[in-house]
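The values are calculated or read from the model by the stated rules, or taken from the named source; none is laboratory data. Predicted model only: the values in this text are computed from it and were never measured. Cβ: placed from backbone, ideal geometry, glycine included. Neighbour counts: every protein chain shown. Side chains included, ligands, DNA and RNA excluded: accessible areas come from the protein's heavy atoms. Shrake-Rupley method; radii C 1.70, N 1.55, O 1.52, S 1.80 Å.
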Amino acid sequence: MEGVSKIFGGVVDVKEGNFRQLLVALDEHQTLWTEPQHEIESHFAKIGSLLGSALTRDRGLTALAHLIPQCPLDILEGKLQYYINVCAKVCNQRGHVATVPLAYDVLKQLLLKSLESSDLNKLIISNIPKLLDNVTSNADSSTRAATLEFLETAMRHYPGVTGSAKNRIEDYLYSLVDSDDASVVHRTGTCLLLLQQIRGGGQHGTLHKKTWDEYQCKLVDSIHELLGRVFEHTPETFDVDENLECLKLPALVVEDEPVDAARRIVTRLLNLICYLEKAVVGAYPVAKPFRPMKLLNVVLRGHSVSCQMMAKNSILENVALGMFLPQIQTQLLKLLDGMVLVLKSYLFPFRNLLTDLFDQCLKGTVTVDGKGRKKSYISLRTKVYGSIVVWCETVKFGSGVEEISDSLLENIVQDVAPYEPEVTLQVNASRQKLSAKAKKKLQKEQNAATALAKNHTSGSLEISKHLQSDYCNEVLCLAALRCLAKVLDAAGCFIKPVMQKLLQEKIVSLCVSVFSQLNTGAKQNLYFEPNCRQALLVALNSLIINPHHLCPPPLQYGVTMFSAAESQDPNVDVRSKAAELARGAETLLHPRKEVFYFPLEENAVKDMLAAKKKHPLNAVFFQEKEKRSMPITFEKVKTQESSEMQSESDDSPKEDEPIARVEEITIEEDQPSTVVYDLGDDETEADFNRGELQKSTAEKTVESAAIVLDSEEDNEIEVVETEQTNESKLQGTPKKPTEEPKPAAEEPSVEKLGTPKKPTQSIGDVKTPTSAQKRKPEAEEKSQQSEDVEGKRAKIAEGDDDILARVDDLVAEFVDELNEDV
């Protein structure tokens, strides 16, 4: 849309409303950068005027951060220093607090843009130390995220410059160890990992490995120290080294109030675990020297104590710490996921520890009598299921989950089963023909049955109206179903047949119950959520494709359920997933037969090849062959006998002829040659060396090459190939050595590079220098040895392709003529 850029001045002058939305709408048309240079400079001059006033600086920085990524380099080079000075002034707490994040955003964009220009790069390098001086722990908490983003960009792209301020950056990052902001915590962990590599890696990265190993050990020791404070009043069975080397973190401020003190300890502990996770999964210049057992001990120690164990000591501080224990264990499981994703098969020796850990976590978080209400430890159990999924997806059949399959599947079935309200049926017997004694006995039995029914139901009617529901359990149900599918994929064939059969009955009956009541209007508790229904179908499909060999899969039930969900489910995602699973089940019911291959007719292939240049997909399907350059270098070898014959000749000149050197011959493979010479025959080889060989080809042949030899230092030989018709080749007759060569009617034009050439004379099909005309018959007899050598070369090259055969023939002919000259 033309003319949109003309309203740029009005956009930046807007004082109210969403200013960023106007910039995005303006950027969508991309007409600002197509204007003349003076118009673009006027726009940036307008932004500069906004930056000069404190009242309009926010809008100026916002517009500048939006325009810098596409700004022309010539404009930015002239204004970069001014922008840096304005941002440095704002970051030095001389402006409004809300303006500081905008200034750091502009600085980050300038750092990224400077990578495109060497001049900008040099200017940024000279200004980074000044910008790092503004990074202090006294800054407002609202500016931390933007400051960390700027630091991350600087350390990632300019590690050498930021290395001089390593201690200053380290102190600032350690001051954020008690932050409650999730984005600040994650960016701090990334910056701490980058901090370990800004001083260089040394020879073969040894310094990088040493630095990362020290950082890993100090983090682990710091976490153990805080775990010791959490389990201070709880007996532990886990042995920990007492000589801990921790990070130089600020002193932890613990107040007298136990709950707030527990919150501070747990917050720092969670942040350190997050830093360790970032260090494990983050990118690093060299291979990280992991210590798997040292890292696993952190996870195992955090799960060695349960909430029930901490509740035994009912002091307020211990109860407060136990309240945060599920959060600590969830964060430790995230660390375990990172280790699994990075180390993968290297954790095979520890798989028994991991499976026992999963089993222990599920058993320790079971909700007793929790049907019809929100279950306990939902976040922790959901994370346990997620960790099992990561473990099974990574190592697959080596996961070892079949060893805990009984307890694992029992927990999964409990979490995926929806709540069903209880119904008590009471049947009154007829009392017409009973005696008084019998009626009294029947009344007692009915009273006892009524009391039993009341005790069996959970709570009173008033309580059940509010609590008997699966509300908020959908997340746990979804995680359990996904875990079931991955467990079946990884170890379905290893699960006991009895357990497989029970699982099939439960999942099939659950599918029938859910999908048969979709259109009844009744809320299906857990499976009212579309994601849960979709996960239920995937679990059923996993039962079908991963059966035990002694337990047939429920294929027919699966096809029926997939078809019903595809046609009746109200959610489009569930329907599309059901259709996909139905197509997969169809291939199991009706496997595909062998594919018959019918080759195309020859005429159709020719028509297709003839029209390929006009096809729009020509560049993709029929790529042109590139020209191949084959460098060939050889030198003329003079034997002792040939040198003596040269001295005995009266007419030959005394100065040496220039040594011929073929630097490179390029042949365009437009049409392949069909010339075939049998040089194994002595007579044929002799005829070939004399230039008398008849070329008997059906359609096309290669004419003897015209070789032009320069006589200066940079000798170049250019080979030009020509084609003749079959009739002209058949009319050619051998030429005797004594006959004068006839000039060719038309000779191909050759572009010659280099110095001027001596007068040449055409002999046979090859042009030679004038000095080569004075040949002696005796020299031909002395050069027989060189001809034999070239004949052997031609025999070796007989098996090569057509292109190499042509080149070898031309080179052999050229060398032969040179030897005759000698």
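Quick look at the values:
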read-out: Unit charges on C-beta of K, R, D, E only; dipole of region 47-195, Debye; value: 340
read-out: Contour excess over end-to-end distance, with Cα ends at W33 and D573 and 0.36 nm allotted per residue; value: 190.2 nm
read-out: Heavy-atom surface of region 494-576, accessible at 1.4 Å and reported per residue (Å²); value: 49
read-out: Inverse mean reciprocal Cα-Cα distance (Kirkwood Rh) of region 508-594, Å; value: 13.4
read-out: Sorted largest first, extent of region 285-413 alpha carbons per principal axis (Å); value: 47, 35, 21
read-out: Charge dipole (debye, nearest 20) of region 211-363; +1 at Cβ of Lys and Arg, -1 at Cβ of Asp and Glu; value: 620
read-out: Length-normalised contact order of region 249-347 in % [C-alpha pairs under 8 Å, at least 6 apart]; value: 40
read-out: Given charges at Cβ of Lys, Arg, Asp, Glu: region 265-392 dipole, positive-most of N297, L362, L341; value: L341
read-out: Heavy-atom accessible area per residue - region 37-92, 1.4 Å, Å²; value: 41
read-out: Accessible surface of region 118-213, 1.4 Å probe, proportion on carbon and sulfur as whole %; value: 45
read-out: Unsatisfied cross-links (Cα-Cα over 27 Å) in the set K294/K496; K113/K334; K396/K501; K396/K506; K374/K486; K375/K486; value: K294/K496; K113/K334
